[in-house]
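Take a look at the structure set out below.
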Amino acid sequence: MIDFSSTAAAVLKDDRPPSQLELKLRRRARVSAFVRYTLLSVVGLIMVYPLLWMIGASFKTNSEIFSTPWFWPQEPTFQGYIDGWQTSTPYTFGRFFLNSMMIVIPKVIGTAISSTLVAYGFARFDFPGKKVVFAILIGTLLLPDVVTRIPQYLLFRELGWLDSYLPLVVPQWFAVEAFFVFMLVQFLRAIPREMEEAARVDGANTFQTLIYVVVPLLKPALISVCLFQFMWTMNDFLGPLIYISSVENYPISLALRLAIDSTEAFSWNEILSMTVLALTPSLVVFFMAQKYFIEGISTGGVKG
Amino acid sequence: MGGDSKYLGLWYVAPYIIGLLLFTAFPFVSSLYLSFTDYDLLSAPEWVGTDNYERLFTRDRTFDRSLRVTMIYVFTTVPLKLAFALFIATVLNYRLKGINLFRTAYYVPSILGGSIAIAVLWRYIFAGNGLVNMILTGLGFEAVNWFGDPQNALFTITLLRVWQFGSAMVIFLAALQSVDKSLYEAASIDGAKPRHIFRYITLPLITPVIFFNLIMQTVQAFQEFNGPFIITQGGPLNSTYLLPLYIYDEAFRSFDMGYASAIAWILFAIIMTLTLVAFWSSKKWVYYAGDKRN
């Protein structure tokens, strides 16, 4: 934890012959860096190799997949992708991708809008009962989903929403994901109010202030919210599993599960190819917007 | 903001309050009610008093087993994951070239998190002839029966979640970086060894995030579903049949909504009890800067 490297650098600028202690510190800094790099590389390999292997395996033939642990395919082939795309259903994998988008897009939009409104309300206004409601919001961060899941199912069943995307999407328009509201409130608290007050003095009402002043300032945090909601929705399995019953409405997660159940024995390359495709949107989004994820986690602390 | 009605903020918060009542509060109360009923979706819920709970605790061997497996899972996964995340965060908290590359590499598995795709991948990596066994036999070890053997199956799920230590790590890293560097300098001038500095300076200062991570990871681990559902289907011999799987089966396969609600409430009670114990104990070990008690 001590920054030996800067000590060593200071020592190097000196013209005196290094003392015993200085030599010791310098050596210790080198050894420490070496140990850290080695450790980080070994762990890094363990972290990344399964993913590399999966991508490589998706271009292998079935017989090659389980013949060598090396990830690079000997005779690269797209056959896994071609066969996997067709699926064992009357629909192609493209259909399931579209279905996933039909859930993700309205969910992300709803989350962003409702969380912004609510966070603005909490962060910038006083109203009767505010403390209680905010305490409940914090409390629900810890409330496990299992307790509410069954009655929610019964409610949506009463409403006739089963086998549609409404149960997955509509609650998000009511800021049910307390975590996002909390994150935006935290972010807003750190922003000075002067610009908003100036806008109010110039005659803007609170809603105009929100749209023209607060939202632009909130942009980085809002991007984090959208990214996390995108990821979580792409990763969500239990929600679709409970609510979606017809194959034509399946999102990617259910389609993948169908694939492992129906093509058990000999089409590993098909399944691994579709697994790669299923992860691609998340990976692309992650690599495009890494810094927002890290920021989002550091400001709010993310489950996961 | 002066001049506005004191109810103005309420309008902005209204969506949340409606959502809370509709999708959280009402389901919360009704699930407690349902846990005292017999409800198969066909006829109206029938009040049966504490029957469901008595059945769970006296007659249901599956529940016993599932509860035990859940406890073992949570109490191995959470400490392992947190220890690993903290360890890697301390190694990463150091100015090295290319450090961001490592941070990204460690974080990728977590962002793909609970996705089915990763569970599918795990299923193939730990298969009898899968990647892990190929590497083991290549190194001269014996292949391990990861999923077929009840002794190992749960541990395989644990490994999956420990592999995804990235979110906890990022939070630890942020905390480590906010520790006042002058404290380290002072201690090292006094001749403190690195492990003493870690033990007596770093660790106390990051107890708030240790506490935060502990709570979040515990609540999450108790709800593990995707891993065992996809990788082992709860087997073999129910060795990975965690409570959320049992609840799912009772509710959405057997349509025994009342019984499933009772299991859900027991799970909820366990999580809440442990959370309260953690909050209570935190007074003794969590250090908040500026808090006079410490």
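The values are calculated or read from the model by the stated rules, or taken from the named source; none is laboratory data. Quick caveat, the model's predicted, so the values are computed rather than measured. Counting neighbours? That spans all protein chains shown, and the Cβs are built from the backbone with ideal geometry, glycine included. Ligands, DNA and RNA are stripped out before the accessible areas are found, and what is left, the full protein with its side chains, is counted by its heavy atoms. Shrake-Rupley method; radii C 1.70, N 1.55, O 1.52, S 1.80 Å.
Which lysines, if any, have their Cα less than 20 Å from the Cα of B:Lys193, not counting same-chain residues under 8 positions apart? List returned: A:Lys24, B:Lys181. Here the convex hull built on the C-alpha positions of segment B:167-251 has a volume of 117 cubic angstrom per residue. The relative contact order of segment A:5-161, computed from alpha carbon pairs under 8 Å that lie at least 6 residues apart in sequence, is 10 percent.
In straight Cα distance, which lysines are under 19 Å from A:Lys219, not counting same-chain residues fewer than 8 positions off? Partners found: A:Lys107, A:Lys291.
For the peptide A:267-273, the mean number of other protein chain Cβ atoms found within 10 angstrom of a residue's Cβ is 2. Which aspartates and glutamates have a Cα lying under 14 Å from the Cα of B:Lys6, excluding residues fewer than 8 positions away in the same chain? Cα-Cα hits under 14 Å: A:Asp126. Backbone phi angles across segment A:230-243, fed through the Karplus curve with coefficients 6.51, -1.76 and 1.60 (θ = phi - 60°), yield HN-Hα couplings of 4, 4, 4, 5, 4, 7, 5, 10, 4, x, x, 4, 6, 9 Hz in residue order; Gly and Pro are listed as x. By the compact-protein rule of thumb, 2.2 N^0.38 Å, the alpha-carbon radius of gyration of chain B corresponds to a ratio of 1.24.
Note on segment B:23-54 and segment A:155-209: Cα centroid distance 32 Å, given to the nearest whole angstrom. Inter-chain neighbour count for B:175-186: the average number of beta-carbon atoms from partner chains within 10 Å of each residue's beta-carbon is 1. Just so you know, the averaged projected area of the alpha carbon convex hull for the protein assembly as shown sits at 33.5 nm².
Using C-alpha pairs below 8 Å separated by at least 6 residues, the relative contact order for segment B:201-294 is 35 percent.
Sort B:204-210, B:116-122 by packing, meaning the average of other beta carbons within 10 Å per residue, with the highest value first. Intermediate results must be reported in sequence, preceding the final value.
Details: B:204-210: 18.4, B:116-122: 26.0.
Per-residue mean Cβ counts within 10 Å order the peptides as B:116-122, B:204-210.
Averaging the Cα positions of each part gives two centres, and for segment B:91-155 and segment A:234-256 these lie 25 Å apart. Chain A against chain B buries an accessible area of about 9000 Å², both chains summed, 1.4 Å probe radius. Need one word for segment A:165-304: rounded, prolate or oblate. Basis is the Cα gyration tensor (sqrt eigenvalues a ≥ b ≥ c); a/c below 1.5 gives rounded, then a/b vs b/c decides. Cα axes put segment A:165-304 in the prolate bin. Note on chain A: semi-axes of the ellipsoid equivalent to its C-alpha gyration tensor, largest first and rounded to whole Å, are 40, 39, 16.
Summarising the overall dimensions of segment A:98-178 from its C-alpha atoms, the Rg and Dmax are 14.7, 44 angstrom. Remark on segment B:15-131: hydrodynamic radius 19.7 angstrom, per the Kirkwood mean of 1/r across alpha carbon pairs. Taking only the C-alpha atoms of segment B:124-206, Rg followed by Dmax gives 20.7, 56 Å. The phi-based Karplus calculation (6.51 cos²θ - 1.76 cosθ + 1.60; θ = phi - 60°) puts the 3J(HN,Hα) values of segment A:70-78 at 5, 7, 6, x, 6, 10, x, 9, 8 Hz, whole numbers, x for Gly and Pro. Per-residue ellipticity at 222 nm computed for the protein assembly as shown from its helices equals -21000 deg cm²/dmol, with DSSP H segments shorter than 4 residues left out and the rest contributing -39,500 (n - 2.57). For segment B:178-219, the C-alpha radius of gyration divided by 2.2 N^0.38 Å, with N the number of residues, is 1.41.
Once backbone amide H atoms are built at 1.01 Å from N, B:Asp38 has B:Glu46, B:Trp47, B:Val48 as its partners under 5 Å, excluding neighbours fewer than 5 places away on the same chain.
Hydrophobic, long helices, defined as DSSP H runs whose alpha-carbon span along the helix axis is 15 Å or greater and whose mean Kyte-Doolittle value is at least -0.5, occur in chain B at B:8-19, B:61-92, B:99-111, B:150-163, B:166-177, B:207-221, B:257-285.
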